[in-house]
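Undergrad: Take this structure first; my questions come after.
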Amino acid sequence: MDVAALGAAATQVSTAQRQQQAALSGVKSAQVQAQSLLSILTAATSQATQTQTAAQPVNSSAATTDGTSADRRLPRGSIVNILA
């Protein structure tokens, strides 16, 4: 094997190694992105579950415990009074 062929082979090997390193870096980046997305989705799912369990049922009667209607408690000009 002459010196020129040895140099060409070394160049090919180093090029292949750089390509492998770039591909491995891409795979690691994709793994980090997938873990971040999984973490976000897990947090959103648990938050939605907590919100559903913490929701209180709406009282269907308009009267409060002291006998006044719910509309009387709202300040004058509120959106509920304007729409009513």
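The values are calculated or read from the model by the stated rules, or taken from the named source; none is laboratory data. What you see is a predicted model; the values in this text were computed from it and never measured. Cβ: placed from backbone, ideal geometry, glycine included. Neighbour counts: every protein chain shown. Just so you know, the surface numbers come from the protein's heavy atoms only, side chains and all, with ligands and any DNA or RNA stripped out. Shrake-Rupley method; radii C 1.70, N 1.55, O 1.52, S 1.80 Å.
Undergrad: Given (1) on the phi < 0 side of the Ramachandran plot; (2) modelled with pLDDT under 70, where does GLY77 come up short, assuming only one miss?
TA: (1)
Undergrad: Under 6 Å between Cβ atoms, which residue pairs at least 6 apart in sequence (or on different chains) link something in segment 1-23 that is on the phi > 0 side of the Ramachandran plot with a partner that is open to solvent by 60 Å² or more (accessible area, probe 1.4 Å) and modelled with pLDDT of 95 or more?
TA: Between residues of segment 1-23 that are on the phi > 0 side of the Ramachandran plot and residues that are open to solvent by 60 Å² or more (accessible area, probe 1.4 Å) and modelled with pLDDT of 95 or more, there is no close pair.
Undergrad: Return the pairs, sorted by first residue and then second, in which the second residue is surrounded by 10 or more Cβ atoms within 10 Å (Cβ to Cβ) and of a type in the set (Val, Ile, Thr), the first residue lies in segment 35-51 and is in a helix (DSSP H, G or I) and at pLDDT 85 or above, the beta carbons are less than 7 Å apart, and the residues are 6+ apart or on different chains.
TA: Matching pairs, first to second residue: none at all.
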